[in-house]
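The values are calculated or read from the model by the stated rules, or taken from the named source; none is laboratory data. This is a predicted model, so every value here is computed, not measured. Methodologically, a virtual Cβ is constructed for each residue, glycine included, from the backbone with ideal geometry; neighbour enumeration extends over all protein chains shown. To get the accessible areas, we keep the full protein, side chains included, count just its heavy atoms, and leave off ligands, DNA and RNA. Shrake-Rupley method; radii C 1.70, N 1.55, O 1.52, S 1.80 Å.
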Amino acid sequence: MKEPLPKKASSEDTSDSYEPIKLEKHWQEHWSKIGLDRTPEPESNQKRFYALSMFPYPSGTLHMGHVRNYVITDVIARMHKMKGEAVLHPMGWDAFGLPAENAAIDRGIDPADWTSKNIAQMKTQLKRLGLSIDWEREQTTCKSDYYKWTQYLFLELFEEGLAYQKKSTVNWDPIDETVLANEQVDSEGKSWRSGAIVEKRELKQWFLRITEYADELLEGLKNLKEWPDRVKTMQENWIGKSDGLQIDFAVDESSNKVISVYTTRPDTIFGATYIVISHDHPILNIIKDKSIKSKIDEYKTKLELSNNGKRDFNNSDHIGMSVGLTVINPINNEKIPVWTANYVVSDYGSGAVMGVPAHDKRDYDFAEKYKLPIKKVIKNSNEDNIYNENCWEGEGVLINSDKYTGLNNIAAKKSISDRGILDSWARTKTQYRLRDWLISRQRYWGCPIPIIHCETCGKVAVKKSNLPLELPKSFNDKTRTKSSLSTFSDWINVNCPNCGKKAKRETDTMDTFMCSSWYYLRFTDPLNKEKPYNKESANKWLPVNQYVGGIEHAILHLLYSRFITKALKKRELHDVVEPFNKLLTQGMVQGITYKNIKTGAYINPSLIDNPDVPLDPASGDKLEIIYEKMSKSKHNGIDPSIVINRYGADTARMFILFKAPPEKDLEWDDADVEGQYRFLQRVWRLVKSYNDSHGLIDQSEIKSDLVNSNKNIKEEDKILRRYLHNAIKSITEDLEKSLQFNTAISELMKLSNAMTEYRTLISKSIAHESISVIVRMLAPFAPHIAEELWKEIGGLDSVHHQSWPNYDKNALVVDTYDLIIQIKGKVRGKINVSNKLNKTELEKLALASDAAKKWLDGNKPKRIIVVPGKLINLVP
């Protein structure tokens with residue numbers, strides 16, 4: 001049996017004014033007491049809805065980006081709950097990682113203590129927002145009762161052959177002193193977190209074979225109909241599938257060596273004027289000339305220093321050198337030189353490409369810099385002059401290509417490929433840009449990898465029954481210059497579980513994305529002590545119906561989660577194909593920012609004397625006023641607690657939802673916050689005035705939204721019902737389909753205005769229907785004031801247990817419309833007419849109108865053109 005509501009918050013005060021702080025505290029305490037947001041056990045035929053926000057890193061401070069993310073998800077969850085669905089809306093903490101470890105080192109404390117303190121603080125802040133989160137399902141990735149299961153799933157992948165260790169050239173962050181995955185290095189060669197210039201190091205690392213799922217991940221994107229196209233395109237490009245040809249170029253200096261290159265453009269092979277290989281290509285080992293070998297060593301050193309150590313096949317700052325070798329082009333037996341350059345890397349393709357500068361911009365730039373030959377072999381078919389393009393990368397007709405000259409380049413691709421395959425110097429190949437996921441991190445504060453290294457037995461998995469493999473309890477801040485776990489000798493040195501000989505534990509910890517790549521599964525069965533989750537529970541709740549988070553996770557978290565879901569399905573841990581059905585990537589929250597254009601410095605607004613004409617207090621330079629993403633370094637952040645303390649959480653929620661469409665960036669404006677506060681005050685007064693005019697509602701009037709109808713009611717009732725049911729229809733569509741919360745709130749405002757206008761003109765039953773509906777539709781957006789007003793109008797139980805209103809299509813029917821009257825080609829007036837009138841009847845009314853009398857001056861029109869439902873044109 002549902003709990004009855006307590007006295008309304010305002011009843012303890014003689015004042016009838018809207019006091020949000022007091023009211024919100026009152027209802028939050030009550031909701032917590034009765035377990036309002038506890039996830040129900042779905043009934044057999046009950047529809048389920050899983051609403052989830054990307055869980056936060058516990059920095060200790062809630063920012064407006066958090067508020068936007070979690071409020072969006074909360075509105076969706078609350079609406080679906082009111083629609084009678086069993087709703088799962090959990091929350092957790094992505095709590096491992098470098099920031100906590102670095103903060104702990106700086107303060108000389110354990111990162112577990114630092115993290116726990118931050119979580120407690122942020123949880124208090126989140127609760128003030130009135131989120132309908134089931135906190136009984138809370139998960140924290142740095143707690144052993146969670147990372148026990150992360151280790152369990154790692155071992156599942158290890159048993160499947162998807163987790164392996166190898167020596168590899170890796171991205172090293174010199175500030176955070178750890179390895180980064182390729183996805184965590186930006187286009188400028190900097191760490192995604194610390195901003196440090198990334199270095200290259202050779203280390204033994206753990207990887208997950210995400211490449212084995214490249215085709216499945218790519219194909220699965222087609223089924224994600226409710227994901228933003230932008231995110232799907234980013235993942236498609238990152239996977240980077242291409243079908244091409246592997247071509248062998250025989251090395252002239254060796255009778256049995258070849259350099260294999262991969263290309264998607266075999267039609268340009270006659271234009272190859274050089275071959276480019278990576279700096280570590282094995283063919284370099286055949287070079288005997290000491291002078292050339294010395295130059296290559298110098299080049300490698302220069303390569304490490306150039307472009308801040310970033311080697312990338314998209315590198316625009318090309319450097320290279322000839323290695324003194326030549327190869328034979330198999331299509332025409334021409335000899336061409338071999339070069340090495342920084343835009344070719346060993347872990348992409350074969351580590352070699354054919355240089356075709358006339359038809360590849362990257363090759364063209366390199367050839368121009370080093371004065372290499374440029375040979376055109378494809379003519380732009382839309383141009384007569386073949387030399388008007390320095391580098392033509394498009395389609396066309398082959399030239400300078402022996403017997404293939406004159407062929408369309410598409411046809412030439414097939415013909416040249418067929419010849420190469422027939423003559424055994426080429427073979428078809430499918431290639432991917434995607435690389436295996438590097439999960440090793442050389443830090444303390446992460447999930448330990450449950451592997452033991454034994455000289456006799458090799459890599460031995462920790463038994464699942466012995467999990468969790470916990471971190472050593474004593475955190476040593478002197479380990480900053482080394483792999484942190486490697487300094488805990490008592491923890492590292494163990495006996496091999498197989499042979500009993502001395503062995504060592506793995507000292508790398510897992511990438512934090514490993515922890516966050518499966519948490520949505522744990523939420524379906526969070527108290528399970530026997531396994532990560534029950535297969536039946538996962539199948540029952542997943543995929544997540546609505547997932548909300550930032551676009552910055554398009555490649556990292558979202559791709560990894562899809563991979564883990566598919567890999568664990570293969571292990572028969574669940575039957576789920578994709579983790580997230582519908583994805584919303586919300587925009588950033590931006591604040592007014594003062595920036596010195598000359599120095600690039602951001603100025604704290606508290607130091608500016610005149611905000612209208614802002615000047616740098618140090619230099620006197622004029623400052624630029626712009627909107628940028630809120631951050632401490634830009635001095636433009638707004639502390640959510642300040643807004644909540646002044647206006648209440650409901651106002652903060654309404655503003656963050658109303659200011660901009662959810663996928664767009666939001667520009668903070670204090671005036672707009674004040675506007676939402678005034679709107680809630682108007683709704684407060686509206687409900688009070690309806691109670692005064694029409695009395696409290698009866699519970700029977702709430703059970704159905706179709707108690708009333710448009711039959712036998714007066715015109716004012718019909719008009720207000722039209723406003724009411726238009727609002728129901730529009731808001732429902734906004735929340736269920738398009739997720740346009742700003743337009744939904746706009747509909748609430750229009751309905752409020754109409755209800756104010758018709759308050760004294762409508763009947764009691766229509767008044768009760770209207771007031772019941774507006775309070776229920778306000779509930780997902782502003783849950784506290786809606787709960788208070790629900791009690792105010794006589795509602796029983798919680799407003800959040802009430803049914804979401806359904807619209808009456810008959811109420812939307814308009815009996816009359818305004819007929820436009822045109823005379824002499826211009827609008828001269830309009831008359832309100834019944835929509836049942838025929839053309840003859842419309843002509844009579846139009847001719848009798850004041851407009852016709854004035855503009856026709858007693859003359860009969862020569863022609864009358866009637867467009868029923870719109871206008872009538874009287875032609876004199």
Requested in this report: Could you look at the chain and say what percent of its accessible area is carbon and sulfur, using a 1.4 Å probe and all protein chains?
Outcome: 47 percent
Report summary line: Filtered hits (aspartates and glutamates, Cα-Cα < 13 Å from LYS737, offset >= 8 within chain) -> GLU226
Query raised in the report: How much FRET efficiency would the formula 1/(1 + (r/R0)^6) give for ASP665 and SER255, where r is the Cβ-Cβ distance and R0 is 51 Å, rounded to 0.05?
Result: 0.25
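Expected output is a single nm value to one decimal: the length gained when fully extending between THR264 and VAL827, i.e. 0.36 nm times separation in residues minus the C-alpha distance. What is it?
Values: separation 563, 0.36 × 563 = 202.68 nm, distance 6.34 nm.
Gain in length upon complete extension: 196.3 nm.
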Report task. Note the angle between two axes, namely the Cα long axis of helix 783-792 and the longest principal axis of the Cα atoms of the chain, as a number of degrees from 0 to 90, rounded to the nearest 10. Result -> 20 degrees
Report summary line: Expected field for ARG685, accessible surface area in Å² at 1.4 Å probe radius, rounded to 10, holds 140 Å²
Query raised in the report: For SER59 and GLU841 in one chain, what is 0.36 nm times their gap in residues minus the Cα-Cα distance, to one decimal in nm?
Result: 274.3 nm
Query raised in the report: Does a label point 7 Å from the Cα of ILE421, set along Cα-to-beta-carbon, have any residues of segment 210-253 with amide nitrogen under 16 Å, and which are they?
Result: 243-248
Report summary line: Taking alpha-carbon centroids only, segment 843-876 lies from segment 316-388 a number of Å equal to 77 Å
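Taking 0.36 nm per intervening residue step and subtracting the Cα-Cα distance, what contour gain separates ASP698 from ASN806 on full extension?
On the way: separation 108, 0.36 × 108 = 38.88 nm, distance 1.86 nm.
Full-extension gain reported as 37.0 nm.
Express the accessible area of segment 604-661 per residue in Å², computed with a 1.4 Å probe while the remaining protein chains stay in the model. Could the numbers behind the result be given before it?
Details: 3110 Å² over 58 residues.
Averaged over the residues of segment 604-661, the accessible area is 54 Å².
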Requested in this report: For the chain, find the longest principal axis of its Cα atoms and tell me its angle to the long axis of helix 111-127, 0 to 90°, nearest 10.
Outcome: 20 degrees
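Label the chain by shape, choosing from rounded, prolate and oblate, from the square roots a ≥ b ≥ c of the eigenvalues of the Cα gyration tensor; if a/c is under 1.5 it is rounded, and otherwise prolate applies when a/b is larger than b/c, oblate when it is not.
On the way: a/c = 2.24, a/b = 1.45, b/c = 1.55.
Here the chain falls in the oblate category.
Measuring with a 1.4 Å probe in the full set of protein chains, what accessible area per residue, in whole Å², belongs to segment 100-177? Please list the in-between numbers first.
Values: 2950 Å² over 78 residues.
Here the residues of segment 100-177 average 38 Å² of exposed surface.
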**Report entry** Residue-count net charge about ASN596 - beta-carbon cut-off 9 Å; Lys, Arg +1, Asp, Glu -1
**Finding:** 0
Query raised in the report: Spin-label point model (7 Å from Cα, Cβ direction): what's the ILE713 to ASN408 distance in nm?
Result: 6.5 nm
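Apply 1/(1 + (r/R0)^6) to the Cβ-Cβ distance of ARG863 and LYS737, taking R0 = 45 Å, and write down the FRET efficiency to the nearest 0.05. Don't skip to the end; give the middle numbers.
Values: r = 45 Å, r/R0 = 1.01.
Here the calculated transfer efficiency is 0.50.
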Query raised in the report: Taking Cα atoms, how many degrees apart are the long axis of helix 741-758 and the longest axis of the chain, rounded to 10 and kept between 0 and 90?
Result: 10 degrees
Report summary line: CD proxy, 222 nm, the chain: helix-only mean residue ellipticity via -39,500 (n - 2.57) per DSSP H run with n ≥ 4, per residue, nearest 500, stands at -10500 deg cm²/dmol
